[in-house]
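Enquirer: Handing you this structure, nothing more for now.
The values are calculated or read from the model by the stated rules, or taken from the named source; none is laboratory data. What you see is a predicted model, and the numbers here were worked out from it, not measured in a lab. Here the Cβ is made from the backbone with ideal geometry for all residues, glycine too, and neighbour counts use every protein chain on show. What goes into the accessible areas is simple: the full protein's heavy atoms, side chains included, and nothing from ligands, DNA or RNA. Shrake-Rupley method; radii C 1.70, N 1.55, O 1.52, S 1.80 Å.
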Amino acid sequence: MPDNISLRDATIDDAPAIAAIYNYYVRESLATLAEDAMPDAQMQQRVQTLRATGLPFLVAVDQIQNGIAGYAYASPYSDRSGYDPTLECSIYLHPDHCSKGIGRRLMDSLILALVSTTTKTQVLAKMSILPDQSPESLPTCRLHASKGFRQVGRPDRVGFKLGKWVDVVMFQLDLEALRK
């Protein structure tokens, strides 16, 4: 990771920059199946809610450009109480900061925070993928696999965006095993 990048907890003041990164992927890619841009206020609420519940929401800050280079967070997997032990993680990088090791550092810090500050047992990650694409061809799938996530499923053609059918590949990390 470049020397000019530092990691810290997100604040609500970071929400506009975080939303701008996310909205790039909403408009330009299949990384998220969302099709409507997220308003800054909604992202502020997300940051505030997750931080208030003690879940990590991290940002990578470019000290030279004084901007957000990427972010990662964990959120409840479902609002149904039986899923309380399980989280879902998300990670997004500013397009100018991809393939520089920032995602790896964010993921390391996110996993460390989940293991050391929560009692959650599992974390899931979902990635959109084209039907004929292998998970190994996606940098995000390779990142998750390199951090101990294992592929646990792949529902076919469950999404449609930008005129394309999309599969979703699911990865799972056992946080209890990391605590042992």
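Enquirer: Below 13 angstrom from the Cβ of Ser29, what's the summed charge of the other residues (Lys, Arg +1; Asp, Glu -1)?
Expert: +1
Enquirer: Still on this structure, I have one more. What's the local net charge at Ala15, with K and R +1, D and E -1, over the other residues with C-beta under 10 Å away?
Expert: Summing Lys and Arg as +1 and Asp and Glu as -1 gives -2.
Enquirer: As a test of the formula, what do you get for the chain when each DSSP H run with n ≥ 4 contributes -39,500 (n - 2.57) and the sum is divided by the residue count, at 222 nm and rounded to the nearest 500 deg cm²/dmol?
Expert: -9500 deg cm²/dmol
Enquirer: Given labels modelled 7 Å from the Cα in the Cβ direction, how far is it in nm from Ala34 to Lys164?
Expert: The two pseudo-label positions are separated by 2.0 nm.
Enquirer: Right, next: Can you give me the accessible area per residue for the chain, using a 1.4 Å probe, in Å²?
Expert: That works out to 52 Å² per residue.
Enquirer: Let me ask something additional. Rounded, prolate or oblate: which fits the chain, taking a ≥ b ≥ c as square roots of the Cα gyration tensor eigenvalues, rounded meaning a/c under 1.5, else prolate when a/b beats b/c?
Expert: Taking the square roots of the gyration eigenvalues as a ≥ b ≥ c, the chain is rounded.
Enquirer: Given a Förster distance of 22 Å, report the FRET efficiency between Val115 and Thr86 from their Cβ-Cβ distance, rounded to the nearest 0.05.
Expert: 0.90
Enquirer: Report ³J(HN,Hα) in whole Hz for each residue of region 114-124, in order, from the Karplus equation J = 6.51 cos²θ - 1.76 cosθ + 1.60 where θ = phi - 60°; Gly and Pro get x.
Expert: Each residue of region 114-124 in turn: 5, 5, 8, 10, 10, 9, 5, 9, 9, 9, 10 Hz.
Enquirer: Could you tally up the Lys pairs in the chain with alpha carbons closer than 24 Å? Skip any pair fewer than 8 positions apart unless they're on separate chains.
Expert: Summing the qualifying lysine pairs gives 8.
Enquirer: Express in nm, to one decimal, how much length is gained between Lys100 and Asp9 on full extension, taking 0.36 nm for each residue of separation and deducting their alpha carbon distance.
Expert: Between Lys100 and Asp9, full extension yields an extra 30.7 nm.
Enquirer: Oh, and also: Calculate what fraction, in whole %, of the accessible area of the chain sits on carbon and sulfur atoms when a 1.4 Å probe is rolled over the protein chains.
Expert: The C+S portion of the solvent-accessible surface of the chain is 49 percent.
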